[in-house]
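The values are calculated or read from the model by the stated rules, or taken from the named source; none is laboratory data. Everything numeric in this text was worked out from a predicted model, so none of it was measured. When we count neighbours, we look across all protein chains shown, and the Cβ atoms used for this are built from the backbone with ideal geometry, even at glycine.
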Amino acid sequence: MPKIIAFSGSPRKNGHTNTLIREILRGAESQGDDSKFYDLNAEGICPCQGCNYCRTHDGCAVQDPLQSAYEEIHQAEALILGTPIYCRGVTAQTKIWIDRMFSMIESKDSGFAPRHPGKRVVTVYSQGYYDAAAYQNAIDSTNGILKGFGWYVVETLLCYNTSSPTFVLSPELLKRAYDAGQSLAKLSER
Ligand SMILES: Cc1cc2nc3c(=O)[nH]c(=O)nc-3n(C[C@H](O)[C@H](O)[C@H](O)COP(=O)(O)O)c2cc1C
């Protein structure tokens, strides 16, 4: 089973989100860690059907290309979630993944309890607008959902101002991504 699983909600295969995710994976793989990449824009990925199977089972009843991810997440040490900002929030592809991850928490009389806690997560966001703080609420909300799964968001990378005609991903951000991948892998060895 791969130690690190990445999920990308960007439909642009060579966009900024995916470039940063690839750099994180390159860092992790430099330490010998296996990884797997899920393109959440892949054909056949279905939204949550609200069947509530995951309220009584650890997993999801929807048989689609995400089905393999449940056991892989259970076994993984670390996860990566990347998404562009679309209309002030995450992309529809990312929201589908978030809803499908409802199985990561079980319902108890006292509230929700994580089923697979303790994963370390790096999140990646990319936005066109020049103001880095503009969508902090969307970032906090998304990171907060992952924390609700009992996961630790150890690093958040934000690429902003991509709408500028002169935009290029900075070597500093690319290095932060690579280093984040190395750290994920090194911590997995413990
Ligand atoms: C439908 C759509 C909605 C968008 N909405 C926003 C937005 O609300 N704020 C923003 O800063 N950028 C917005 N953008 C721009 C993207 O966030 C930006 O191009 C981002 O860098 C794309 O990431 P990617 O290269 O990983 O695909 C939008 C782009 C699209 C296609």
Practice problem: Give the number of residues within region 77-110 that are under 13 Å from Ser126 (Cα atoms) and hydrophobic (A, V, I, L, M, F, W, C). | Solution: 4
Self-check item: Filtered residues of region 64-94 (kept if in contact (Cβ under 8 Å) with a residue 60 or more places away in the chain, within 15 Å of the ligand (Cβ to nearest atom) and not aliphatic (A, V, I, L, M))
Solution: Gly82, Thr83, Pro84, Thr91, Gln93, Thr94
Quiz item: Can you name the residue in region 1-45 that is within 13 Å of the ligand (Cβ to nearest atom) and of a type in the set (Val, Ile, Thr) and, of all such residues, is surrounded by the fewest Cβ atoms within 10 Å (Cβ to Cβ)?
Solution: Thr19
Practice problem: Could you grab the pairs with beta carbons closer than 7 Å, sequence gap of 6+ or different chains, first residue in region 142-169 and under 19 Å from Ala185 (Cβ atoms) and touching a residue at least 24 places away in the same chain (Cβ under 8 Å), second one within 16 Å of the ligand (Cβ to nearest atom) and among the small types (Gly, Ala, Ser)? | Solution: Leu157/Ala177
Exercise. Any chance you could count how many residues in region 15-41 are assigned to a loop (DSSP other than H, G, I, E, B) and either farther than 30 Å from Ser164 by Cβ or touching a helix residue (DSSP H, G or I) at 6+ places or on another chain (Cβ under 9 Å) (or both)?
Key: 7
Quiz prompt | Out of Cys54, Cys48, sole residue that is buried (at least 21 other Cβ atoms within 10 Å of the Cβ), more than 16 Å from the ligand (Cβ to nearest atom) and at pLDDT 95 or above | solution = Cys54
Quiz item: Identify, please: which residue in region 126-139 is outside any loop (DSSP other than H, G, I, E, B) and of a type in the set (A, V, I, L, M) and is, among those, surrounded by the fewest Cβ atoms within 10 Å (Cβ to Cβ)?
Solution: Ala138
Practice problem: Pull up region 61-87, narrow it to residues that are part of a loop (DSSP other than H, G, I, E, B) and closer than 30 Å to Ser183 by Cβ, then point me to the one that is farthest from the chain's Cα centre (by Cα). | Solution: Pro65
Quiz item: Across region 100-113, what is the total count of residues that are in contact with a helix residue (DSSP H, G or I) (Cβ under 6 Å, 6 or more places away or on another chain) and either crowded, with 17+ Cβ neighbours inside 10 Å or assigned to a loop (DSSP other than H, G, I, E, B) (or both)?
Solution: 2
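Every residue, every condition in (1) in contact with a Phe, Trp or Tyr (Cβ under 6 Å, 6 or more places away or on another chain); (2) over 20 Å from Lys36 (Cα atoms); (3) surrounded by 12 or more Cβ atoms within 10 Å (Cβ to Cβ), yes or no:
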site: Ile98; (1), (2), (3): no, no, yes
site: Arg115; (1), (2), (3): no, yes, yes
site: Ser141; (1), (2), (3): no, yes, yes
site: Ile145; (1), (2), (3): no, yes, yes
site: Asn161; (1), (2), (3): yes, yes, yes
site: Leu169; (1), (2), (3): no, yes, yes
site: Leu173; (1), (2), (3): no, yes, yes
